[in-house]
Amino acid sequence: MANNLKRLRKEQGLTVTELARRLSISQANLTKIENAQIGLKPDLAQKIATILNVSPLALEPQKTPKQPNGLTELEILNPEVLNLPAHTTLPVFKQLSIQTCFLYIIPDDTMAPTLLKHDLVILDTSCQTLQENGLYLINNHGSNELVRLQRLKESCIKVIFDNKNYESSDIIASELIIKAKALQTIKTRDLS
């Protein structure tokens, strides 16, 4: 839990001293927790998560994808779409060297006929800017949506749904919140 706690603390602009004071623990013990020299107990994890305004799960270390026999285990970002438990992983036949790849399950018909409900998308969460036109996971009013983005001009981006029943829109680039870039799609109908 060390790496994420330290990273999250720094992102919040808190010093070790300040967070330790707010937790009513010694700075030395907090440093040991951040460096994984001592374990983080669930009750303290909950207190830290409350102070940092994150889920206690955010404090857990990010799992490195396993790559035996050409398979990579990727965590599903939205397992609730299929009523799966949090931290569910699926193997994919692709060697991925980056640790920021996740699977996303298409939850609806917004990208049909290109992608159907329950198709899978391999996402790279390290890419949070529009690098080129393509498929991206964006945060739209608090919910994640997979959309096609097309740069119209420097300050304007078109948000496109492949399903013609959903209206495309233009958005000011500075208002767009990109969560990840799609690397590859996996059509579940091709798996059966």
Do we find that residue 144 is surrounded by 13 or more Cβ atoms within 10 Å (Cβ to Cβ), closer than 24 Å to residue 76 by Cβ and modelled with pLDDT under 90 in this structure? no
Quickly run through segment 148-167 and pick out the residues that are closer than 19 Å to residue 106 by Cβ and not acidic (Asp, Glu). 148, 149, 159, 160, 161, 163, 164, 165, 166
Going through segment 127-147 in order, the residues found to be without any contact (Cβ under 8 Å) to a residue 40 or more places away in the chain and over 14 Å from the mean Cα position of the chain (by Cα) are 132, 133, 140, 141, 147
Determine if segment 107-114 includes at least one residue that is part of a loop (DSSP other than H, G, I, E, B), modelled with pLDDT of 90 or more and under 27 Å from residue 4 (Cβ atoms). yes
Just to be sure, is residue 124 touching a residue at least 60 places away in the same chain (Cβ under 8 Å) and of a type in the set (Asp, Glu)? no
Across segment 137-186, the tally of residues that are more than 15 Å from residue 127 (Cα to Cα) and either touching a Cys at 6+ places or on another chain (Cβ under 6 Å) or outside the structural domain of residue 76 (by TED's automatic domain parsing) (or both) stands at 1
Evaluation of residue 132 against (1) of a type in the set (D, E, K, R); (2) outside any strand (DSSP E or B); (3) surrounded by 14 or more Cβ atoms within 10 Å (Cβ to Cβ) (one fails), failing number: (3)
Name the one entry in 34, 18 that is more than 21 Å from residue 86 (Cα to Cα), touching a helix residue (DSSP H, G or I) at 6+ places or on another chain (Cβ under 8 Å) and surrounded by 13 or more Cβ atoms within 10 Å (Cβ to Cβ). 34
In segment 54-85, what residues are modelled with pLDDT of 75 or more and closer than 22 Å to residue 182 by Cβ? 72, 73, 74, 75, 76, 77, 78, 79, 80, 81, 82, 84
Pairs, first without any contact (Cβ under 8 Å) to a residue 60 or more places away in the chain in segment 148-171, second surrounded by 17 or more Cβ atoms within 10 Å (Cβ to Cβ) and of a type in the set (Lys, Arg), C-beta under 9 Å, six or more apart: 158/148; 159/148; 160/148; 161/148; 162/148; 168/148
Give me a count of the residues in segment 22-53 that are modelled with pLDDT under 85 and either assigned to a loop (DSSP other than H, G, I, E, B) or aromatic (Phe, Trp, Tyr) (or both). 8
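The values are calculated or read from the model by the stated rules, or taken from the named source; none is laboratory data. Treat the numbers as computed from the prediction; the structure is a model and nothing was measured. Quick reminder, even Gly has a Cβ in these numbers, built from the backbone with ideal geometry, and neighbours come from all protein chains shown.
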